[in-house]
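Below is one structure; the comments refer to it alone.
The values are calculated or read from the model by the stated rules, or taken from the named source; none is laboratory data. What you see is a predicted model; the values in this text were computed from it and never measured. Glycine also receives a Cβ, built like all others from the backbone with ideal geometry; neighbour counts cover every protein chain displayed. Surface areas here come from the heavy atoms of the whole protein model, side chains and all, with no ligands, DNA or RNA. Shrake-Rupley method; radii C 1.70, N 1.55, O 1.52, S 1.80 Å.
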Amino acid sequence: MSTLQFIVDNFNEVMYLSWEHVWIVGMALLIATPIGVVLGIVITKHEQFASRILNGANILMTIPSLALFGLMLPILSIFNMGLGKVPAVIALVLYSQLPIIRNTYTAIKNVPPSLVDAARGMGMNKWKLLRELEIPLATPVIIAGLRTAAVMNIGVAAIATYIGAGGLGVYIQQGIARVYPEMILSGAILVSLLAIIVDGGMALLERIATPEGIRVQRKLSR
């Protein structure tokens, strides 16, 4: 109850920190999406790079976020951007790459060969094939990758408060420093709530983007 009271008493600040958190995650996804999707498409056409790119993205995911912030600090300090939102957004862009690249690659590789052959038979070149067949069919799976990246980044962004990025992690950081359980719980609950809302919204988007034929096929296969 006291946690709820803390949120009510600090409602304006809660809204501001929530907006800051959404901004960091949204900006990172906005930058990460074209990079990841393009890389995912490229490795479907150049298989020799697929394992290298996917392994590279996988390795990035294994670097602890605080260590990544520390690694970027001396480099970004040259441009006077070692702390704050810039390193946070860069870190989230890097962490987003694996789910986006992997889902794009998998989705395009799983387009039924019979459809690809039929499209080629109709005279489609590789760009038209990609634009009018492969990407539309792959879109729901690509959105699923974005959904994974978004939810994961909401959690990582909470840690970015330790480098001055702001966001809802401020309550967790300050609550720990001040031994203030209500503040810590408020931060944790709000971050979780944000992740649930974003996950639900992305799930809805994924459903809308799924062609009717694929939805019927999934229902029949159950």
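Counting only protein heavy atoms and a 1.4 Å probe, tell me what percentage of the chain's accessible area is made up of carbon and sulfur. C and S atoms contribute 68 percent here.
GNM on the chain, alpha-carbon springs under 10 angstrom: the most fluctuating residue among ILE143, ILE135, ILE154 is ILE135.
Sorting the Cα pairs of the chain by distance into bins of 10 Å, from 0 upward, gives 8, 27, 29, 20, 11, 4, 1 percent per bin.
Between TRP127 and TRP23, the C-beta separation translates, for a Förster distance of 45 Å, into a calculated FRET efficiency of about 0.80. Which aspartates and glutamates have a Cα less than 17 Å from the Cα of LYS126, not counting those fewer than 8 places away in the same chain? The qualifying aspartates and glutamates are GLU47, ASP117, GLU134. Accessible surface calculations at 1.4 Å, restricted to protein heavy atoms, place region 1-120 at 55 Å² per residue.
Sequence-distant contacts, meaning Cα pairs under 8 Å at least 6 residues apart, place the relative contact order of region 76-222 at 26 percent.
Using only Cα atoms, locate the centre of region 118-172 and the centre of region 33-104, then give the distance between them in Å, rounded to an integer. Going from one Cα centre to the other spans 13 Å. Phi angles of region 151-161 translate, via the Karplus equation with coefficients 6.51, -1.76, 1.60 and θ = phi - 60°, into HN-Hα couplings of 5, 5, 5, 4, x, 5, 4, 5, 6, 5, 5 Hz per residue; Gly and Pro are given as x. Taking the chain as a Gaussian network, Cα atoms linked when under 10 Å apart, which of PRO211, PRO99, PRO87 shows the biggest mean-square fluctuation? Largest GNM mean-square fluctuation: PRO211.
Choose one answer from SER51, SER18, SER96: the residue with the largest mean-square fluctuation in a GNM of the chain with alpha-carbon springs under 10 Å. The residue with the greatest mean-square fluctuation here is SER51.
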